[in-house]
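A short worksheet on the structure shown next.
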C-alpha cells in the first residue's frame, strides 16, 4: 500500500545506483540470528502471557510472519514490539476489523481499489507482490468522488484493503514458488508514479495519503520492502519535505527516486515480463486494470476474486464473521 517511506534527505535526489537489491531475508523466518530468535521467543511468550497470542495448533491466533513484522519494526526489542502489537490489537477491536472485512460489500470494495495502490498481479524477482500507485489517476472526477466519502467510511475502506494485502495477496505469494522459499512473503514492492501530477493535486490529496500511511505504520508495520518513485517532478523535494515526518528513518530508507527513465533500474528488481510497460517492462498493464495474474497464480486461483477474501491452506475463501459473543466479550 502507499507508504512513501524512504531514506534520508539525500534520497530526494535521483537514485544513483544501477540496482535495487533489497535484503528480503534478514530478520525473517529461517534467517534469524541466535539473538533475534531469542528475542522472538521472548516476544511470543510475553504476548501469550498477556493473552494477546495463542500458539495452539492447528489454529494459532496469529501467524509467525505477522508477529515478526512487529518485532522487526521495533528492531527486535520485545518490549517495544509488545507495546505496538498490543496497541494494534486494541485498534482492531475498536474498529471491529474482522467483522468489517468479512461483511464489506463487494461492489464498494471494488470501487475502493481505484483510490489506492493496486496489485499488478505480478511479483518481483524475490516473489514479492508488485503494487503500483499512479497519483494522477486520482485527479478530476475520482478526486471529487473521494471527497464525497465520509471520513469514517474512507478509513474503513483503507482498512479493508490492507486486510486483503496481508490476508490474501501476501499469503498467496508465499504459497507460490519464490526465490527465498520456504521463507514467507510478508512485504510488497510498490511503484509510485508521479507522472502528470501537479503540486496543487498533491496538496489536495495530502490528508488522504497521510491517513493511509499513518494507519499502515501503526497497524501493518513492515509490509513495505521497496518503494520506487518514478516520473518525479521538479517540485518533488518540496513534497518530500511535507511527507518525510510521517515516517521513521528505517522506512524512509526504502524509497528510491528513479526519475523519468526508471526501466533500467526497475528491471534489476522486477523481471521485464512482470514489469508494466509504462515503467520499462513488457507487461501490458496500467493502473486502472485488474491484476494480470502470472501463470503460477492462475494455476492456483484461476482469476482474481472480487471483494474481501482470504487465502488459507492453498485455497481462496470468504472471511468468516466473528461470533457476536466473542466480539461483545472483547475477544479477537
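The values are calculated or read from the model by the stated rules, or taken from the named source; none is laboratory data. This one's a predicted model, so the numbers in the text were calculated from it and none came from an experiment. All Cβ positions, glycine included, derive from the backbone under ideal geometry; neighbour counts span all protein chains shown.
Of all residues in the range 118-150 being farther than 30 Å from residue 294 by Cβ and touching a residue at least 60 places away in the same chain (Cβ under 8 Å), which is surrounded by the fewest Cβ atoms within 10 Å (Cβ to Cβ)?
Residue satisfying both the conditions and the ranking: 143.
Just to be sure I understand, how many residues within the range 303-319 are in contact with a strand residue (DSSP E or B) (Cβ under 9 Å, 6 or more places away or on another chain) and farther than 18 Å from residue 184 by Cα? Matching residues across the range 303-319 total 6. Of all the numbered requirements in (1) touching a strand residue (DSSP E or B) at 6+ places or on another chain (Cβ under 6 Å); (2) closer than 18 Å to residue 224 by Cβ; (3) surrounded by fewer than 23 Cβ atoms within 10 Å (Cβ to Cβ), residue 274 misses one, and that requirement is (2). Tell me whether the range 190-202 contains one or more residues that are within 12 Å of the chain's Cα centre (by Cα), under 22 Å from residue 300 (Cβ atoms) and modelled with pLDDT of 95 or more. Within the range 190-202 (the criterion being within 12 Å of the chain's Cα centre (by Cα), under 22 Å from residue 300 (Cβ atoms) and modelled with pLDDT of 95 or more), the answer is no, since none of the residues qualifies. Could you go through the range 294-307 and let me know if any residue there is on the phi > 0 side of the Ramachandran plot, at pLDDT 95 or above and either under 22 Å from the mean Cα position of the chain (by Cα) or part of a helix (DSSP H, G or I) (or both). Yes; the residues of the range 294-307 include at least one that is on the phi > 0 side of the Ramachandran plot, at pLDDT 95 or above and either under 22 Å from the mean Cα position of the chain (by Cα) or part of a helix (DSSP H, G or I) (or both). If the condition is being assigned to a loop (DSSP other than H, G, I, E, B) and within 19 Å of residue 286 (Cα to Cα), then the range 76-127 contributes 116, 117, 124. The residue that is surrounded by the fewest Cβ atoms within 10 Å (Cβ to Cβ), among those in the range 66-97 that are under 16 Å from residue 158 (Cβ atoms) and in contact with a helix residue (DSSP H, G or I) (Cβ under 9 Å, 6 or more places away or on another chain), is 91.
Within the range 244-264, the set of residues being assigned to a helix (DSSP H, G or I), farther than 23 Å from residue 75 by Cβ and touching a residue at least 24 places away in the same chain (Cβ under 8 Å) comprises 264 only. Of all the residues in the range 223-263, those that are under 30 Å from residue 28 (Cβ atoms) and at pLDDT below 85 number 12. Residues in the range 172-189 that are outside any loop (DSSP other than H, G, I, E, B) and either over 12 Å from the mean Cα position of the chain (by Cα) or surrounded by fewer than 21 Cβ atoms within 10 Å (Cβ to Cβ) (or both): 172, 173, 174, 175.
Scanning the range 128-142 for residues that are closer than 19 Å to residue 255 by Cβ and not in a helix (DSSP H, G or I) turns up 128, 129, 130, 131, 132, 133, 134. For residue 115, work out the one condition from (1) crowded, with 19+ Cβ neighbours inside 10 Å; (2) out of contact with any strand residue (DSSP E or B) (no Cβ under 9 Å at 6 or more places or on another chain); (3) at pLDDT 95 or above; (4) more than 17 Å from residue 217 (Cα to Cα) it doesn't fulfil. It fails just one condition, (3).
Residues in the range 96-109 that are within 17 Å of the chain's Cα centre (by Cα) and over 12 Å from residue 319 (Cα atoms): 1 in all.
Within the range 38-65, the set of residues being surrounded by 17 or more Cβ atoms within 10 Å (Cβ to Cβ), assigned to a helix (DSSP H, G or I) and either touching a residue at least 40 places away in the same chain (Cβ under 8 Å) or within 26 Å of the chain's Cα centre (by Cα) (or both) comprises 39, 40, 43, 44, 47, 65.
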